[in-house]
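One structure is given here, and the rest of the page talks about it.
Read the figures in this text as sums done on the coordinates, not as results from a lab. Everything numeric in this text was worked out from a predicted model, so none of it was measured. Positions of Cβ are backbone-derived with ideal geometry, glycine not excepted, and every protein chain shown enters the neighbour counts.
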Amino acid sequence: FIFEDDAILSPTFLRARSVTAPYPVDMVFLTPNVLRATKIDRTMTRVMGGAGTYGLLITQRGAQRLLQELQRGSCGMWDRQTCRHDPLDLAIMKYAAREGFEIYLPIDAWPMVKHSGKLGSSKMDLDK
């Protein structure tokens, strides 16, 4: 699981302490920041684009795929369209969607994690 410092976990997630997702899966989006998704059936929704690492599950298979690409340098955080570096969450999502990672929403309940409501990280505010 990946949670940012200002993530708010839902009571459902805190009680269950687990996530049910289709198999095989590389990532499960726990946040409401899904930009594009395709409903497969009444229980499965495949994510095709999104952002937000404040609530994300990366499986062992997904982490291994991502690390292999990071080591090759092909994942890249440089966005050629905007000529700037993408934040890590956006870079991961762009790469994962481009490379056909299996990314889903949880089957049980969603969203399981919300942001504190502030833009940006609360830790960044403290570090100023």
Q | Amide H within-cut-off set for Gly49, under 5 Å, with H built and near neighbours excluded | A | Leu35, Arg36
Q. Expressed in nm to one decimal, what extension gain is obtained for the pair Arg46 and Leu70 from 0.36 nm per residue of sequence separation less their Cα-Cα distance?
A. 6.3 nm
**Q.** Additional length obtainable on full extension of the chain from Leu14 to Asp108, 0.36 nm per residue less Cα span
**A.** 32.5 nm
**Q.** Spin-label proximity, Arg61 to region 11-37 - amide N less than 20 Å from point 7 Å beyond Cα toward beta carbon
**A.** 18-30
Q: Please turn the phi angles of region 31-41 into ³J(HN,Hα) values with the Karplus equation 6.51 cos²θ - 1.76 cosθ + 1.60 (θ = phi - 60°), one per residue in order, whole Hz, x for glycine and proline.
A: 9, x, 7, 8, 8, 9, 8, 10, 7, 8, 7
